[in-house]
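Visitor: Encoded as structure tokens, here's the structure I'll be asking about.
The values are calculated or read from the model by the stated rules, or taken from the named source; none is laboratory data. In this text, all values refer to a predicted model and were calculated from it rather than measured experimentally. Quick reminder, even Gly has a Cβ in these numbers, built from the backbone with ideal geometry, and neighbours come from all protein chains shown.
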Amino acid sequence: MKYFSLNKTAPVATFKEATIKGLAPDKGLYFPEIIPKHEPGFYVDIQKFSNEEIAFKIIQPFIGDEIPVAELKRIVTETINFEIPLKTITDTISSLELYHGPTLAFKDVGARFMSRCLGYFVKNNDKKITVLVATSGDTGGAVANGFYNVDGVEVVILYPSGKVSSVQEKQLVTLGNNIHAIEVKGNFDDCQQMVKQAFSDKYLNEKLFLTSANSINVARWLPQQFYYLFAWKQWTDKNHPPVISVPSGNFGNICAGILAHVSGLPVQHFIAACNANKVVPDFLSTEKYEPKKAIATISNAMDVGDPSNFVRILELFHHQFAELKNTLSSLSISDDETRKTIKEVFEKENYLLDPHGAVAYLALQNYLQEHPQQKGYLLETAHPVKFYDVVEPIIQQKIPIPESIEGILSKEKLSTVMEPGFENLKEFLLSR
Ligand SMILES: *Cc1c(COP(=O)(O)O)cnc(C)c1O
């Protein structure tokens, strides 16, 4: 498979090149030249296949012969080695729980897949590759965990001191080995600025082989299709495909679902559920795309004012607005509504949502009220314990800590404290 830049002024790239580069040289997002189509029978008979077989079938056309079959099968199997159950909440609403991975958020899937592909591509390089990321929360943990112990890859993660939750910080700073956490005495913008300067510094890039693990990377975007198929496998009423509600920030997750749908997956309708950051809901009602500054909300992983993956969605619909509106709706949900939803669903249905899942729940419930014949599910993108500071006061009780992270909470913190400023980062990178 070849990938072209959506800015259309860079050469086409292979999967390997697109994975290593992340963004095309003209700053465009990479997009596959061909969207694979699968035969209807595959979806009808999906129960006959194991999750590993489904995932392999979906991803293989995007990679072609760039990774040998046996190797790709291993990568796929390691990527999805945790359960992704579709749980019934009400008669009409189910929840696809994407938080049973090592860092309790859906980003585990993309990060695990990408790290293993990169590991394969750099296996015989004499120069180690350094993945450099700035994180304000979830991305860092998923990337750190995904790349942990991958040979030939060093990871350097910058995070703002005191501005990530304690669970999130522990996920960054307790791994050690090839994972280096830098605690920057500043805010997220300081971290991002330092990383940006590193990528454009000529000397540094001659000395080191630097890459990012940004969510726009094709190797993070494409494997997110997997769980939409796993949900279909668990969907009982195959004659009435689901309405799917996705809590959206950068729109990578929902874009993967739409891609799976264009390839043949039966879906009734997509809902992009947003918080107060409503560039896309506004676009769908006015046809005008106007990026805004991000607004802080309690579903903070979705605080994005200019969603980077939205151009990929436009491309999937050939920039046809009418076609897009037929398949996709988008709704903005306030923090008050989000809190109220967490409380109501917990009390009435005995199901605990995290703030991101709650945004998607309410958007779906509103949609189904206007479309009473239909049923759907939301993507529950993070475990509520990751946002205990928001959730616990609402439900007025403690959330039990899942076993999988109990261990790290008592582990020793391994981080380097750094003042903001690119020179400090440069010195650190060159001294290792
Ligand atoms: C990243 C994230 C999102 C948003 O996903 P996008 O692909 O950026 O739209 C939603 N929920 C959680 C918990 C996240 O970490």
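Visitor: Please specify each residue of segment 13-30 satisfying the condition of being of a type outside the set (S, T, N, Q) and either surrounded by fewer than 20 Cβ atoms within 10 Å (Cβ to Cβ) or more than 18 Å from V131 (Cα to Cα) (or both).
Guide: A13, K16, E17, I20, K21, L23, P25, D26, K27, G28, L29, Y30
Visitor: Now a separate question. Only one of these is within 21 Å of S248 (Cβ to Cβ), surrounded by 15 or more Cβ atoms within 10 Å (Cβ to Cβ) and more than 16 Å from the ligand (Cβ to nearest atom): L379, L364, L368. Name it.
Guide: L368
Visitor: Quick one: L222 ticks every box in (1) among the hydrophobic types (A, V, I, L, M, F, W, C); (2) under 24 Å from R112 (Cα atoms); (3) more than 12 Å from the ligand (Cβ to nearest atom); (4) part of a loop (DSSP other than H, G, I, E, B) bar one, so which box is it?
Guide: Against the list (1) among the hydrophobic types (A, V, I, L, M, F, W, C); (2) under 24 Å from R112 (Cα atoms); (3) more than 12 Å from the ligand (Cβ to nearest atom); (4) part of a loop (DSSP other than H, G, I, E, B), L222 comes up short only on (4).
Visitor: Residue under question is E66, and the condition is that it be more than 16 Å from the ligand (Cβ to nearest atom), assigned to a loop (DSSP other than H, G, I, E, B) and within 28 Å of F4 (Cβ to Cβ); does it hold?
Guide: yes
Visitor: Moving to a separate point now. Scan the helices (runs of 4 or more DSSP H) fully inside segment 375-432 and keep the ones with 2 or more residues being among the small types (G, A, S).
Guide: By residue number, 403-409.
Visitor: Ok, one more. Name the single residue that is farthest from R74 (Cα to Cα) among those in segment 123-145 being modelled with pLDDT of 90 or more, touching a Phe, Trp or Tyr at 6+ places or on another chain (Cβ under 8 Å) and of a type outside the set (S, T, N, Q).
Guide: Among residues in segment 123-145 that are modelled with pLDDT of 90 or more, touching a Phe, Trp or Tyr at 6+ places or on another chain (Cβ under 8 Å) and of a type outside the set (S, T, N, Q), the one farthest from R74 (Cα to Cα) is A134.
Visitor: Then there is this: Which one of these is touching a Ser or Thr at 6+ places or on another chain (Cβ under 6 Å) and either farther than 26 Å from A260 by Cα or modelled with pLDDT of 95 or more (or both): K288, K278?
Guide: Residue meeting the stated conditions: K278.
Visitor: Here is a further query. Give the number of residues within segment 83-103 that are within 16 Å of the ligand (Cβ to nearest atom) and under 24 Å from W235 (Cβ atoms).
Guide: 8
Visitor: On to the next question. Consider Q47 against the criteria (1) outside any loop (DSSP other than H, G, I, E, B); (2) crowded, with 17+ Cβ neighbours inside 10 Å: it satisfies all of them except one. Which criterion is unmet?
Guide: All conditions pass for Q47, except number (2).
Visitor: Here's a check for you: in segment 200-219, which residue that is in a loop (DSSP other than H, G, I, E, B) and of a type in the set (A, V, I, L, M, F, W, C) is modelled with the lowest pLDDT?
Guide: Step by step, filter segment 200-219, then rank; the result is A213.
Visitor: What's the number of the only condition in (1) aliphatic (A, V, I, L, M); (2) under 26 Å from L132 (Cβ atoms); (3) out of contact with any Asp or Glu (no Cβ under 6 Å at 6 or more places or on another chain) that A10 fails to meet?
Guide: (3)
Visitor: Another question about this same structure. Considering only segment 303-328, state which residues are within 12 Å of the ligand (Cβ to nearest atom), free of Cβ contacts under 8 Å to residues at least 60 places away in the same chain and either assigned to a helix (DSSP H, G or I) or over 14 Å from F283 (Cα atoms) (or both).
Guide: If the condition is that a residue be within 12 Å of the ligand (Cβ to nearest atom), free of Cβ contacts under 8 Å to residues at least 60 places away in the same chain and either assigned to a helix (DSSP H, G or I) or over 14 Å from F283 (Cα atoms) (or both), then D303, V304, F310 are the ones that fit.
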